[in-house]
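> One structure is given below, represented as structure tokens, and several questions about it will come after.
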Amino acid sequence: MSRLLILGNSHVAALKSAHGAEPGRWPGLDIAFAGAAGGALDGLRRRGGVLEATDPEAVEQLTALNGSARFALDGVDAVVITGCELSMFRAVSVLRRVIWPDCVDSPGPGQVLTSRAFVREALVTALQSTLAARLAREIGGDGAVPVIVAAQPNPCWLGEDAVQLAAFLRARRLGYATRLARIFTEAAAAALAPAAAFLPQPDETLRGPLFTRPKYSQGSLRLTRDMAKPHEGDDYLHANAAYGALVLDQLATLAGTAPRR
């Protein structure tokens, strides 16, 4: 039996709702969940064998959602961080400013053409500032507690006219979506090392390299105490229980225990 503490912002809801719907699917995993808004999670500090918040507002938020603001690390085989800003949006943001020659014939407005190595390092720097990376360093910086960071899911595919995803669609249209996804995975692993390992989005949930299939997004739940409130119908950022189940399958496989499907 592997004991996991799964920690995250609103994106932890996908894993929590999956576990609540099918608790017998992962007999080899003993899972505790801890979720809250990013501001509350940013206040968590590791004190020996305990991860706890001391800021009153963070304590209040964590306690309201989880029943406690203190989470035991002793006996935990790994802490899993999910969501918390480690997302493809950071890669897209970096590529608004710099791009390398293999991606496009010429830079777009506001972009500077530079080397792939420079773009990678710029992305590593951007990802090191995410909440996920900060939490990973706080929890696993000394190597005593294994930490895994699961990628925040890519945005749901909304079609060719989705204005809010224009930068993603541009990468797809100009043919560098695959290169963008590859450099993001490389940079995420580098940004987290040595404090944590990076767990990419499950392949079967992807529509192309940059989007999540709608069936893994539709019907997603908000992070609440009772996990009973869905997101609005136009939400495209959060994943659902079907997605969360596949991430838990990944974690079970890493722990050497096969999930029951």
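> Select from segment 66-84 the residues that are more than 21 Å from the chain's Cα centre (by Cα) and not in a strand (DSSP E or B) and list them in ascending order.
The first filter runs over segment 66-84 and keeps only residues more than 21 Å from the chain's Cα centre (by Cα), leaving 67-70, 72, 74-75.
The answer is 67, 68, 69, 74, 75.
> I'd like to check something: does segment 178-199 contain any residue that is in contact (Cβ under 8 Å) with a residue 60 or more places away in the chain, within 23 Å of residue 98 (Cα to Cα) and surrounded by fewer than 18 Cβ atoms within 10 Å (Cβ to Cβ)?
Among the residues of segment 178-199, at least one is in contact (Cβ under 8 Å) with a residue 60 or more places away in the chain, within 23 Å of residue 98 (Cα to Cα) and surrounded by fewer than 18 Cβ atoms within 10 Å (Cβ to Cβ), which makes the answer yes.
> Next question, about the same structure. Taking only segment 182-197 into account, find how many residues are under 14 Å from residue 127 (Cβ atoms) and part of a helix (DSSP H, G or I).
10
> Evaluate segment 221-229: report whether one residue or more is of a type in the set (Ser, Thr, Tyr) and crowded, with 16+ Cβ neighbours inside 10 Å.
Our first condition is that a residue be of a type in the set (Ser, Thr, Tyr); within segment 221-229, this holds for 224.
Subsequent filtering for residues that are crowded, with 16+ Cβ neighbours inside 10 Å retains none.
No.
> Could you list, in sequence order, the residues of segment 104-154 that are outside any helix (DSSP H, G or I), under 25 Å from residue 244 (Cβ atoms) and more than 16 Å from the chain's Cα centre (by Cα)? Walk me through it before giving the result.
Residues of segment 104-154 outside any helix (DSSP H, G or I): 104-115, 129-130, 141-154.
From what is left, the residues that are under 25 Å from residue 244 (Cβ atoms) are 130, 145-154.
Residues satisfying the conditions are 145, 146.
> Now for a separate question. Could you give me the residue pairs with C-beta distances under 9 Å whose first residue belongs to segment 250-261 and is at positive phi, whose second residue is at pLDDT 80 or above wherever it lies, and which are 6+ apart or on separate chains?
256/2; 256/28
> Would you point out which residue out of 131, 113 is surrounded by fewer than 20 Cβ atoms within 10 Å (Cβ to Cβ) and modelled with pLDDT under 90?
Sole residue among the options that is surrounded by fewer than 20 Cβ atoms within 10 Å (Cβ to Cβ) and modelled with pLDDT under 90: 113.
The values are calculated or read from the model by the stated rules, or taken from the named source; none is laboratory data. Source: prediction; values computed, not measured. No Cβ is skipped: glycine too gets one built from the backbone with ideal geometry, and neighbour counts run over all protein chains shown.
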